[in-house]
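Below is a structure I'd like to ask you about.
Every read-out reported here was derived from the displayed coordinates using simple, explicitly stated rules and does not represent laboratory data. Quantities reported herein were computed from a predicted structural model and do not represent experimental measurements. So basically every Cβ, Gly included, is an ideal-geometry build from the backbone, and we count neighbours across all protein chains shown.
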Amino acid sequence: MASGPQLLPGVSLVTTPGRGLAVRTAEGEFLRVDTARTAPERLIGALTGQPEPAVPDPRLDALLRAFEDAGHAGTDPPERPGRLAGRTVLLLGDPALTTPLGRLVRAEGGTARPIGAEEIARLPHGTHRPDTTAVVWCLTSPVPEGLWDDADLLPRHRTAWLRCHREGAQVWLEPLADRPGDVTSGHVRLRRLAATPAYRELAAYWAGHRTPDSGPPVTAAAAALIAALLTADLLAWAAGTPGRGPLPVRRRLRRLDLRDLTVTGHPVLPVPEVAPLLDRTGR
């Protein structure tokens, strides 16, 4: 095993004919490397674990330190745990979606276990640890009225809340909520009603006034994609970054079309609470 710093995962050195050495960063950027009086081959060898002569070379050591300082190289780290280690993900809904999601959660070191809908209301008073527990509810049908009301309260108790459901040929993946003031399923319903001129028809569809579903099935490929997208949201939550980025996890509504597996993202904001209307006596 090499004792010096090595290129970190996702980083490469590129020898460009006529232009010298460059580094491709983990973000995909190319940066020119000036090795000065050190042969590029020596730097490549040192950063890729090839044996080096025992004679000290201060110039090479300086280059290696520069790569470390820039975050492109490092000493061999101990084997890290999965990115969901120490996290518990409670799964509800249709096995076609929760089964592949559970596999991905376990592959990242997390604990995945099924629970019943009746347990949701008891979670804030149970023994689970806030900030380390997420509830994910996956449906292959529209959401019945009121089904997710109790789960919408979970972020107030620092329990992450993530969900998806299917409406015909579309699957909606709603934003992860993990703190008070985040977007809940109730907020998404209100925002969607406000965004369409067919709000009466959409409300009737949700209420069950519709013909039997004849949409395309949730295939194994679609289920794998949905599970991967949900896992990505859980990884952002576990890393403490669900609020970063141009369209952060906690403000992103995604729609997956089952006919061609295209995914579109849409920003969504919480709906502020309003004071109750006064009665006719002004009370």
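Compute the relative contact order of region 6-74 as a whole-number percentage, counting only Cα pairs closer than 8 Å that sit 6 or more residues apart in sequence.
Relative contact order, region 6-74: 32 percent.
Still on this model: For the chain, take the longest principal axis of its alpha carbons; what is the angle in degrees between that and the long axis of helix 220-238, to the nearest 10 within 0 to 90?
Relative to the chain, helix 220-238 is tipped by roughly 70 degrees.
7 Å from Cα along Cα→Cβ at both Asp257 and Arg59: what's the point-to-point distance in nm?
5.8 nm
For region 128-249, what's the relative contact order in percent, using C-alpha pairs closer than 8 Å and at least 6 residues apart?
Numbers: 132 pairs, mean separation 26.4, N = 122.
After rounding, I find 22 percent.
Extension gain Arg158-Leu8, at 0.36 nm per residue separation less the Cα-Cα distance, in nm?
Details: separation 150, 0.36 × 150 = 54.00 nm, distance 3.40 nm.
The Arg158-Leu8 span can extend by a further 50.6 nm.
Now, a different point. Starting from a Cα-only point model with no solvent, please compute log10 I(q)/I(0) by Debye for the chain at q = 0.11 1/Å.
Results for the chain at q = 0.11 Å⁻¹ read -0.77.
Using only the alpha carbons of region 6-74, determine the length spanned along each of the three principal axes and report them from longest to shortest in whole angstroms.
Projected onto the principal axes, the Cα atoms of region 6-74 cover 34, 28, 19 Å.
Rank Pro242, Thr127, Ala22 by how far each Cα sits towards the positive end of the charge dipole of the chain (+1 on Lys, Arg Cβ; -1 on Asp, Glu Cβ) and give me just the farthest.
About the Cα centre, the residue reaching furthest to the positive side is Pro242.
Let me ask something additional. So what J values fall out for region 4-19 if you push phi through Karplus, 6.51 cos²θ - 1.76 cosθ + 1.60 with θ = phi - 60°, rounded to Hz, Gly and Pro as x?
My calculation for region 4-19 gives x, x, 10, 4, 6, x, x, 9, 9, 9, 10, 9, 9, x, x, 10 Hz in order.
Between Thr15 and Ala195, take the C-beta separation as r, use R0 = 41 Å, and let me know the FRET efficiency to the nearest 0.05.
0.20
Can I ask one more? Using only Cα atoms, figure out Rg for region 146-237 and give it as a multiple of 2.2 N^0.38 Å.
1.19
Let me ask another. 5 Å is the cut-off here: which amide hydrogens, built 1.01 Å from N in the peptide plane, fall below it relative to Val135, excluding neighbours closer than 5 in sequence?
For Val135, the qualifying residues are Leu90, Ala160, Trp161, Leu162.
Angle, helix 95-107 long axis vs. longest principal axis of the chain, Cα atoms, 0 to 90°, nearest 10?
With both axes taken from Cα atoms, the answer is about 30 degrees.
Quick check: residue separation of Ala224 and Ala207 times 0.36 nm, minus the Cα distance between them. What number comes out in nm?
Gain on stretching Ala224 to Ala207: 3.2 nm.
Hey, fewest Cβ within 10 Å first, where do Glu108, Glu68, Glu145, Glu27 land in order?
By the 10 Å Cβ count, ascending, the order reads Glu27, Glu145, Glu68, Glu108.
Measure nothing fancy, just the Cα-based angle from helix 58-69's long axis to the longest principal axis of the chain, in degrees from 0 to 90, nearest 10.
For 58-69 against the chain, the angle is about 0 degrees.
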